[in-house]
1. Charges on Cβ only, +1 for Lys and Arg, -1 for Asp and Glu, centred on the Cα centroid of region 23-145; of I59, P92, V72, which one is farthest towards the dipole's positive end?
2. Would you mind checking the tilt of helix 47-63 against the longest principal axis of the Cα atoms of the chain, expressed as 0 to 90 degrees and rounded to 10?
3. Have a look at L41, L89, L11 and tell me which one the Gaussian network model of the chain (Cα, springs below 10 Å) gives the largest fluctuation.
4. Calculate, for region 41-190, the solvent-accessible area per residue in square angstrom, rolling a 1.4 angstrom probe over the heavy atoms of the protein chains.
5. Kindly sort V169, V79 by accessible area of their heavy atoms, largest first, with the probe set to 1.4 Å.
6. Build a GNM of the chain with springs between Cα atoms under 10 Å: which of L172, L134, L24 gets the top mean-square fluctuation?
7. Within region 98-137, find all residues whose amide N lies under 18 Å from a label point positioned 7 Å from the Cα of T36 along Cα-to-beta-carbon.
8. Leaving ligands, DNA and RNA out of it, work out the accessible area of K120 with a 1.4 Å probe and give it in Å² to the nearest 10.
Amino acid sequence: MLLQILAGLGLAAAAGLRAFLPPLVVGILARLDLITLRGDLQWLASDPAQIILGAAVIIEILGDKIPLLDHVLDVGGTVLKPAAGAVVLAAPLLDLSPLVTLVLAVVVGGSIAETIHLTKSGLRLASTGTTSGLGNPALSVAEDGLSLSGAILAVFYPVLLLALFLIGVLLLRWLVRWMQSRSRPPAAFS
């Protein structure tokens, strides 16, 4: 059950970067019989869901490469990404009751996706401010790769994804401290 929860957490984090890519990946993997979905979420593997999710992924990925439109998508993502995070967190939870799954999905999955989304949106705004939006497509490509690889790792190697996340947090913490130390004025000698 711990692996199922870790997989769901990783999928929710990936949904914080791309709302439709993790549900599409989960549906494709279920269609290929590589994973089993909860009974109430097997619709993710259906033909209509796959077509709609596939079209939404294309629109989201292409639209996110266009400065200004990327910010419009971020506004919509404030609602869509927590919902997607909740759905994909619940998808691999086969051994939990529906009520526990619902609470975990909405509270934890939605919160994780929203936190990732808001952090990404802040980074995107900083990029727009410092590069006049020219750096945003490069950030978008990185987000595409992180969402796709995160979704796949979450399903097949959730412990590895957790370890990579913790290493990333430690590296980010070190980088912030290093940047802060470099921005301090030198001490005056008396």
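The values are calculated or read from the model by the stated rules, or taken from the named source; none is laboratory data. Keep in mind that this is a model prediction, so the values were computed, not measured. Cβ atoms come from the backbone with ideal geometry, glycine included; neighbour counts cover every protein chain shown. Note: accessible area is taken over every heavy atom of the protein model, side chains too, but ligands, DNA and RNA are not part of it. Shrake-Rupley method; radii C 1.70, N 1.55, O 1.52, S 1.80 Å.
1. V72
2. It works out to around 10 degrees.
3. L41
4. 60 Å²
5. Of V169, V79, the descending order of accessible area is V79, V169.
6. Residue with maximal mean-square fluctuation among L172, L134, L24: L172.
7. The answer is 98, 101, whose backbone nitrogens lie closer than 18 Å to the label point.
8. Estimated to the nearest 10 Å², K120 gives 10 Å².
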